[in-house]
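To keep things clear, I will list the structure first and then write my remarks on it.
The values are calculated or read from the model by the stated rules, or taken from the named source; none is laboratory data. Computed from a prediction, not measured in an experiment: that's the story for all the values here. Heads up, the Cβs are rebuilt from the backbone with ideal geometry, glycines too, and the neighbour counts pull from every protein chain shown. Accessible surface is based on the protein model in full, side chains and every heavy atom, while ligands, DNA and RNA are left aside. Shrake-Rupley method; radii C 1.70, N 1.55, O 1.52, S 1.80 Å.
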Amino acid sequence: MMQQSVSTASPSQSSSRHGWIRLPMLFLIGIGILAGCASDPRQQADALGQQAGLVREQIAAPPFVLTTYVRISRHDQPLTVYIEGDGLAWRSRYQPSDDPTPRQALGLRLAAADHSANVVYLARPCQFTAITDDPRCSVAYWTGKRFAPEVVTAMDAAVSRYAARVPGQPVNLVGYSGGGAIAVLVAARRQDIATLRTVAGNLDHDAVNRWHRVTPMPDSLNPIDVVDRVASIAQVHFSGADDSVVPTAIARSFVARAGPCATLRIVAGLSHEGDWASQWPQMLAFQPACHSASKK
């Protein structure tokens, strides 16, 4: 069963083992996997994309240049857009990375596991794109400004660019981790979103930062603040039962506020950076819908 009841503490009830840590920004979601990655993550992404029939592109999405992987084969079918997580935002507890390109690209792995006709993967600003190709990039955009208005504007523009290639077709949004935050913030701006899915999504970064007792991100938009604007969209939020980075309480709170179009699915045995892709076809088969009954 994909859905499982778990007992999860409130985000404000962090364990006593946590001291109050004044960090420059939340590093925990973006720190990524630091060990055992011998090959270039860009080459890994290209190989993964090639296996899935996803072609690498770079597009202008002002103020950024974004790297994407794309397969559009049917103009009469919906478009599913995947948005990457925060990547390697931090090298250590106190030192930001100089390149946020993810080492595992779990968002891309989800896209590669989707066999539908029209799939687009959007890397976040400054991921997979050389700094020389995107001079607007700076550390702020993968730390405290990762969900800034200009970031959301750029990602929204990228969705529009690809939606124009399947005119009149509905758009399905999928976001992993911090990409889940972006997916919600983009959906709140659009009228063509048919479904919204998040995987281990950071749906309330203020609550997540309180949970980890780290400094908030006032320069970033917060998905929980636009929950009313996405409440009419059929949506499902997947949370790993073993996720200690974005605990299930975050998604549970968002779903409670989103109302009858939102569903929470708790997946046993998965952590924040677990093997979501291997189970993704099964999860993708679950079709979110609006119901009159309240969701668990």
>> Let me check against my output: what whole-number percent is the relative contact order of the chain, with C-alpha pairs under 8 Å and at least 6 apart?
In response: 21
>> From the alpha carbon gyration tensor of the chain, can you work out the equivalent ellipsoid semi-axes (sqrt of 5 times each eigenvalue) and give them in Å, largest to smallest?
In response: 25, 24, 18
> On average, how much accessible surface per residue is there in the chain, in Å², for a 1.4 Å probe, leaving out ligands, DNA and RNA?
Replying inline: 40
>> Just to verify a number: what accessible area does residue 92 come out at with the full protein assembly present, 1.4 Å probe, Å² rounded to tens?
In response: 40
> Got a number for carbon plus sulfur as a percent of the chain's accessible area, 1.4 Å probe?
Replying inline: 51
> With Rg and the Kirkwood Rh both taken from Cα atoms, where does Rg over Rh land for segment 161-296?
Replying inline: 0.96
>> Run the Debye formula on the Cα coordinates of segment 111-175, all scatterers equal and no solvent, and tell me log10 I(q)/I(0) at q = 0.28, 0.29 1/Å.
In response: -1.29, -1.33
> Whole-Å semi-axes of segment 98-149's equivalent ellipsoid, largest first, each the root of 5 times a Cα gyration tensor eigenvalue?
Replying inline: 24, 11, 11
> Which value at 222 nm does the chain reach when only helices count, each DSSP H run of 4 or more adding -39,500 (n - 2.57), with the total divided by all residues and rounded to the nearest 500 deg cm²/dmol?
Replying inline: -7000 deg cm²/dmol
> Rounded to the nearest 20 Debye, what is the dipole magnitude of segment 135-280 about its Cα centre when Lys and Arg each give +1 and Asp and Glu each give -1 at the C-beta?
Replying inline: 260
